Amino acid sequence: MPAKIITFGIQKGGSSKTTTSGIVSYLLSQDYRVLAVDMDSQGNLTELLTMRDVEDFRGMTVLEAMEEQDASGYICRITDTLHLMPAEDLLATFSRWLYNDYAGQEPALVLAQTLSTVRDNYDYIIIDTAPALGDQTINALAASDYVVAMFEASKFCYSALGRFLKTSDEVRKLVNPDLRLAGILRGLIDARRSDNKVLIEQVAEDYGDVCFDTVLTRNAAAGRVAIKGLYDNNEIKAAVAQYKPFVEELMKRVEG
């Protein structure tokens, strides 16, 4: 069967999209074949998974893959079961290419077409997105079976959440009828702060069972993963502990 494609997104920066995408990719790769796709021109997922400068991948990234609409020549092997389509700064030119040079019919489906060339090689494809509701995020949603909306306990993220869900629904209506909301993942929570507790409860009240039961707290070990990578045994064990229940919930939703 072709891979299930899951996008992690929200247009608010600093919401742990990249850390979550990276750790989920890592955990899934313990049992499945996984392709992580970096659709953020900052290239943070690329740096997290490879521990290399993103400029090392110039000319061999998701941007060039989309220009060719063929992912097969642009995949970096991390482990036998975890692969990556990297990104670097020039991904920011994607919209210019899309509207000036792309000769296809539907600009929102370029990534979907690109991934179709390798989709049968994987069990899961995890897409990390930019903190914006632009063409990169639209293409990620249009390529996906499921979307996880990220929520960190801030007023700005609360304001962004509804607009992100509305955008996802518009993508479903217009170009990808198979897109489903896997759920809202509440993370970066500081239990000592009363405003965090209020926002978490408000999201639960607003969206009910759409929210995952797992709530991720601020975790120093997860923060250090960006520095030490996913392959420092002590750090990764501490960092992923609270992500495992979320991955179990996610699998139930996407497999059910």
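The values are calculated or read from the model by the stated rules, or taken from the named source; none is laboratory data. Note that this is a predicted model, so its numbers are computed, not measured. Neighbour counts run over all protein chains shown; Cβ positions are idealised from the backbone, glycine included. Areas reflect the complete protein model, heavy atoms only, side chains present, ligands, DNA and RNA absent. Shrake-Rupley method; radii C 1.70, N 1.55, O 1.52, S 1.80 Å.
Out of the residues in the range 29-54 that are within 14 Å of H83 (Cα to Cα) and among the hydroxyl-bearing types (S, T, Y), state the one that is most open to solvent (accessible area, probe 1.4 Å).
Here the answer is Y32.
Table: residues versus (1) modelled with pLDDT of 95 or more; (2) in contact with a Gly (Cβ under 6 Å, 6 or more places away or on another chain).
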| site | (1), (2) |
| --- | --- |
| C76 | yes, no |
| T81 | yes, no |
| E88 | yes, yes |
| Y102 | no, no |
| V118 | yes, no |
| Y122 | yes, no |
| D128 | yes, no |
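Restrict the check to the range 142-156 and report whether at least one residue is closer than 19 Å to L48 by Cα, open to solvent by less than 70 Å² (accessible area, probe 1.4 Å), modelled with pLDDT under 75 and not in a helix (DSSP H, G or I).
Looking for residues that are closer than 19 Å to L48 by Cα, open to solvent by less than 70 Å² (accessible area, probe 1.4 Å), modelled with pLDDT under 75 and not in a helix (DSSP H, G or I), one finds none in the range 142-156, hence no.
State which residue pairs qualify: first residue under 12 Å from D128 (Cβ atoms) and inside the range 1-27, second residue open to solvent by less than 30 Å² (accessible area, probe 1.4 Å) and part of a loop (DSSP other than H, G, I, E, B) in any location, beta carbons under 8 Å apart, and separation of 6 or more residues or different chains.
Qualifying pairs under 8 Å: I6/S144; T7/S144; K17/I10; K17/D40; T18/D40; G22/L230; I23/L230.
Could you tell me which of the residues A103, A87, A92 is more than 19 Å from D123 (Cα to Cα), free of Cβ contacts under 8 Å to residues at least 12 places away in the same chain and hydrophobic (A, V, I, L, M, F, W, C)?
On the way: A87 fails: free of Cβ contacts under 8 Å to residues at least 12 places away in the same chain; A92 fails: free of Cβ contacts under 8 Å to residues at least 12 places away in the same chain.
When all the criteria are applied, what remains is A103.
Do we have any residue at all in the range 64-76 that's polar (S, T, N, Q), open to solvent by 10 Å² or more (accessible area, probe 1.4 Å) and within 17 Å of the chain's Cα centre (by Cα)?
Taking every residue of the range 64-76 in turn, none turns out to be polar (S, T, N, Q), open to solvent by 10 Å² or more (accessible area, probe 1.4 Å) and within 17 Å of the chain's Cα centre (by Cα).
Which of the residues spanning the range 44-100 are assigned to a loop (DSSP other than H, G, I, E, B), of a type in the set (A, V, I, L, M) and over 23 Å from R224 (Cα atoms)?
M60, A71, I75
Looking for whichever is open to solvent by 40 Å² or more (accessible area, probe 1.4 Å) and either at pLDDT below 85 or in a loop (DSSP other than H, G, I, E, B) (or both) here; the options are N176, N234, N196. Which one fits? Even if it seems obvious, please write down each step before you answer.
Details: N176 fails: open to solvent by 40 Å² or more (accessible area, probe 1.4 Å); N196 fails: open to solvent by 40 Å² or more (accessible area, probe 1.4 Å).
Only one candidate qualifies: N234.
So, in the range 237-247, of the ones that are more than 16 Å from K17 (Cα to Cα) and surrounded by 14 or more Cβ atoms within 10 Å (Cβ to Cβ), which residue ends up modelled with the lowest pLDDT?
Filtering first and then ranking leaves A238.
Looking at D80, D101, D120, D128 in this structure, which one is of a type in the set (D, E) and within 19 Å of the chain's Cα centre (by Cα)?
Matching residue, one of D80, D101, D120, D128: D128.
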